[in-house]
Every structure is written in C-alpha cells, then in structure tokens.
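The values are calculated or read from the model by the stated rules, or taken from the named source; none is laboratory data. Being a predicted model, the structure only gives us computed values, none of them experimental. Neighbour counts are summed over all protein chains in view; Cβ atoms, including those assigned to glycine, are modelled from backbone coordinates with ideal geometry. Just so you know, the surface numbers come from the protein's heavy atoms only, side chains and all, with ligands and any DNA or RNA stripped out. Shrake-Rupley method; radii C 1.70, N 1.55, O 1.52, S 1.80 Å.
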Amino acid sequence: MPARIMALEEALALIKDGDTVATAGFLLLGVPEEILAGIERKFLAAGAPRNLTLLHAAGQGDWHGAGLEHFARPGLLRRIIGAHFATCPKLMGMIAAGEIEAYNFPQGVMCRLYRAIAARQPGDLTKVGLGTFVDPQLEGGKLNARTTEELIQRLELNGESWLLYPSMPVNVALIRGTTADELGNLSMEEEGYVSEALAVAQAARASGGKVIAQVKRLAPAESIPGRLVQVPGTLVDAVVVCGEPEKYH
C-alpha cells in the first residue's frame, strides 16, 4: 500500500498514548524536527500523546531546545532508552530529577537492536558492555532511582558471558529524507548523512507499527532512481512535507 501524503496534524494522530516511538538522526542531521516540534505543540495544547517510550541511537539535539528536547515536558514521556543525552539539557534534568524512567544503552547496540527487532529476533546478543555500568550485575544501564525494571540480561553461553539487549515493539518510527515520490520512496541527496532511518522503519514495520517520514519535497511516482532510494515506500505510511525547511529541515 503506497504511503499517504499527510498534513502534519493528520500524521501526528497516528501516535497514540503509551506508544513506543523511535527516532533517527544524529545531532540535528536526519532528525524530523518539524514532526518533533509538532508533537510538543500538540501535547501542550491537548495533553496528548502522553506516556510515550522514546528510543534513540544518538544524541539528537542542539543544546538549545531542538531535537529530543521537544519531549522534555512532564507527562509526555514515561520512559526513554537512548545512547546519548548531552545535547538535550532539559531532558537530562528530567532524568536526573527522576521524572521519567531512563536507560543508557551503547550507541552501536541501539543501531543493532533496531535490526534485531526488524528480524523479529529476541534482541542484540553481544559482549559490548560487559563489566560496565550497563551490565545487570552492576547498574543495568539504569539512570535514576525511578528506573527499576531490569531490561538487559547477562547470559552464559558455551562457557562465555554475554549481554542480551531485548527487542521491543516499535509502534511509530519518525524518520527524515530529502525527497519522497508519490509512492513514499525516500531519497537523502541533501541530508548530512544516511542515518539509521531504514533500520528504524524496518523495526516499526516488523512490529506492526507506523512509519512517518518528513521530507523537503515531493516527486512523481518512480522518478527517483532506484540506487538513490534509501527507504522504500513499502515501509512508509505517512509523508509530511516540511512547511519551513529552512527552520525545521
């Protein structure tokens, strides 16, 4: 089924209370900033969506209110699982104050975890993190006293110790491309880098979730050369054309 071109408000309606939302990007490269800002505005106006779980693999922010800082509103997040928080001081403050549950996973593990979810595997099995603060024999990656559930498992296989970072359903993926054709195929010719957008979209699709993509422009169906398509339209449910690309893209 081809993706639908949606107004921002229509796309935001796909995000429900309690959803697990995964975002792609690094700093503000590849970050769907207009969608994130829209989530914040909707929450402040209507109190929804709320109690979200947020997944991210890299620091997504600019230290000045953009990126994941849009989620730094009491009640909007229930839990955050991510690899880097320093670009989002308000969000770090909420974590330090115990206002939301928070876990710190290694960045590479987060990227691999999306692929594990996409493959419907139980998680990412790796030695990364053994003997560090993410090891459940130490802190299990938990960042405050409010965070009590043990997510990471330490396993013994063939006489060796491993960590299993668990898969979890992704209800909504928020990604960004430069151009979308009318079928939802995404290219990234003007993006700063090719992000983990494909893996995030695949994880959501495997979970039965939705994929919302922010782009700068639309193109006719099948007009993007196949070698330039970074996320195929079969994975995309909604395309939002950025209204102010110089500000939000």
Legend entry - Calculated SAXS-style log₁₀ I(q)/I(0) at q = 0.17 Å⁻¹ - the stretch 57-158, Debye, Cα scatterers: -0.82
Inset, instruction - Relative to the longest principal axis of the C-alpha atoms of the chain, give the angle of the C-alpha long axis of helix 33-46, reported between 0 and 90° and rounded to the nearest 10°. - result: 80
Inset, instruction - Go ahead and estimate [θ] at 222 nm for the chain from helices alone: -39,500 (n - 2.57) per DSSP H run with n ≥ 4, summed, over the residue count, rounded to 500. - result: -6000 deg cm²/dmol
Inset, instruction - Enter the angle in degrees (range 0 to 90, nearest 10) between the Cα long axis of helix 197-206 and the first principal axis of the Cα atoms of the chain, meaning the one along which they spread out most. - result: 80
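Out of all Cα-Cα pairs in the chain, roughly what percent, to the nearest whole number, are more than 29 Å apart? Don't jump to the answer; show the numbers that get you there.
Working: 8123 of 30876 pairs.
Within the chain, distances greater than 29 Å cover 26 percent of Cα pairs.
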Legend entry - Within the chain, percent of DSSP bridges classed antiparallel, to nearest 5: 35
Legend entry - Computed magnitude of the charge dipole of the chain (debye, nearest 20; Cβ of K, R +1, Cβ of D, E -1): 340
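Using a 1.4 Å probe over the heavy atoms of the protein chains, calculate the carbon and sulfur portion of the accessible area of the stretch 141-249 as a whole percent. Kindly include the intermediate steps, with their values, before the conclusion.
On the way: 2460 of 4900 Å².
Carbon plus sulfur share of accessible area: 50 percent.
Please identify every one of the chymotrypsin sites (Phe, Trp or Tyr not before Pro) in the stretch 72-152 that sits in a loop by DSSP and has no more than 16 other beta carbons within 10 Å of its own beta carbon.
Listed in order of number, the matching sites are F133.
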Inset, instruction - Express the accessible area of the chain per residue in Å², computed with a 1.4 Å probe while the remaining protein chains stay in the model. - result: 43
Legend entry - 28 Å Cα-Cα reach of K247 towards lysines, excluding residues that sit fewer than 8 places from it in its own chain: K16, K42, K90, K210, K216
Legend entry - the stretch 204-249 and the stretch 22-101: distance between their alpha carbon centers, rounded to Å: 21
Legend entry - Long-range HN-HN contacts of E196 with modeled amide H, under 5 Å: G25
